[in-house]
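Before any comments, here is the structure.
Just so you know, all these numbers are worked out from the coordinates, no wet-lab data involved. Keep in mind that this is a model prediction, so the values were computed, not measured. Here the Cβ positions follow ideal geometry from the backbone for every residue, glycine too, while neighbour counts run over all protein chains shown.
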Amino acid sequence: MKTNHFLLLVLTTLLGFTTQSCLKDKCERTVSYIKVEPVFKSLAEIHSGEVVSEAPRELKNPGKIYYYNNQIFVNERREGIHVIDNSDPANPVNTGFISIPGNEDMAIKNGLLYANSYIDLLTINLNDYQLISRTENVFPPLWEDVQNNQVAVYYQETPVTEVMDCESYGGLYRHKDELIDFGGFNADVSVLSSSSSEASGGTGIGGSMARFTIVNNYLYVVDDFNLNVFDLTQATAPTQASTVNIGWGIETIFPYEDKLFIGSNSGMFIFDNSNPTMPSMLASFAHATACDPVVVKDNFAYVTLRDGTNCEGFNNQLDLVDISNITNPFLVKSFPMDNPHGLSIKNNSLFLCEGSFGLKSFDITDPAALNQHLLDHEKGLHAFDAIALPGGANLLLVIGDDGFYQYNFDDPANLKLMSKIPVNR
């Protein structure tokens, strides 16, 4: 029997098309994912944003924390700053709210609040919460749309569940247990949602997650790539003295003596600050990719690494780094942790925020053996960052997703909750 090769070819081709069509038609599934879309604002809108003194608001999405003159300042992410009277830590009073569009961080000196409003630096009088000055375009935007004279100020994340075909499903980005749709926008998963020095004179205290810090007459601010230095000699009109490029994934800044310790996704950088207008890098310490706040005491730096949506990391640990030779820091030991975030030190007590795993205190008399000296573990709270206040009172301020906490640590092995202002979403 003679085979009709042409007919066979046609039938095979038609069958292939039919099969592919059927497969495509059947290749559908119900998918839950996070849709990420940039939110844009025009430069004119950003530069004309108003600072407004308002009645107290409830905490809903707290971020950074700052202490100044018996007052607690808590950032409400991208909206402004809560002002809390802490004259009586057992009974803190939420006294007001400073509305600042796009605010994420702050620092205070001599009654002046320095805060970002998206890409601008604002100077605000704490006596009446009035805007004194605005320095425009000092921080890099997430994305710049030059053609339309606008910038992306944040990414809106929306949970979506829908039926999706295979081709669309294949275009989703998988991050840990989540699927993400960037919608063709060239975003980086590191931008998705997800710091402490002793006060001197009229300068306040930030936590280990801070991007703003003040040393003498200079304000230091880190963005994702740079260390920005602002001269506060004319306190009501700060001027940018210099910008030092560091790299990528820069997260936090911690001043210690005449040094600046800067945390990034990939490691810790140490800068000499003896020339305050132009800090110079002395050394760096590399680690696995992870979120990275830093605090320092004596000859050791304490660096936390954690996994999470912000940092693409898979490590949950506390690194002890010897900095006795400041130009040659080296790892002494890594201690496994649950999910370490911010941390703070007073005397020989280290306080470590473990996210949804709570708050821990350690005795660091022998830093290399701190894992053998866990003193207390407070559970049932979310702890993002902490500030152990200097002075005679042993008071620990803690901020987390579920509220603002204050603990007495006269006995670090028995942390005593003094007060809480809860989040109300």
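Per residue, the chain reaches -2500 deg cm²/dmol at 222 nm when only DSSP H runs of four or more residues are counted, each adding -39500 (n - 2.57). Using Cβ point charges alone (K and R +1, D and E -1), the dipole size of the stretch 34-193 about the Cα centre works out to roughly 460 debye. Both radii are taken from the alpha-carbon atoms of the stretch 34-193; with Rh as the Kirkwood radius, Rg/Rh is 1.06.
Gap in Å between the Cα centre of the stretch 253-279 and the Cα centre of the stretch 148-168? One Cα centre to the other: 37 Å. At a Förster radius of 56 Å, what calculated FRET efficiency corresponds to the Cβ-Cβ distance of ASP145 and ASN325, to the nearest 0.05? That gives a FRET efficiency of 0.75. Note on the chain: dipole from Cβ charges, positive end direction compared against VAL39, LEU343, MET209; the farthest Cα belongs to VAL39.
For the chain, the square roots a ≥ b ≥ c of the C-alpha gyration tensor eigenvalues yield an a/c of 1.5 or more together with a/b exceeding b/c, which makes the shape prolate.
In this simple spin-label approximation, ASN347 and THR30 carry label points 7 Å from Cα along the Cα→Cβ vector, and these lie 5.8 nm apart. Computed from backbone phi, the HN-Hα couplings of the stretch 143-153 come to 7, 10, 9, 5, 4, 9, 6, 9, 9, 7, 9 Hz, rounded to whole numbers (Karplus: 6.51 cos²θ - 1.76 cosθ + 1.60, θ = phi - 60°; Gly and Pro given as x). In this Cβ point-charge picture (+1 for Lys and Arg, -1 for Asp and Glu), the chain has a dipole of about 560 debye about its Cα centre. Electrostatic bookkeeping for ALA368 treats Lys and Arg as +1 and Asp and Glu as -1; over the other residues with beta carbon under 14 Å from its beta carbon, the sum is -3. Need one number: nm distance between label points at LYS333 and VAL163, each 7 Å from Cα along Cα→Cβ, rounded to one decimal. Distance between the two pseudo-spin positions: 5.9 nm.
May I ask which of LYS379/LYS416; LYS60/LYS379; LYS297/LYS346; LYS60/LYS360; LYS360/LYS416; LYS64/LYS259 have a Cα-Cα span longer than 18 Å here? Violating the 18 Å Cα-Cα cut-off are LYS60/LYS379; LYS60/LYS360; LYS64/LYS259.
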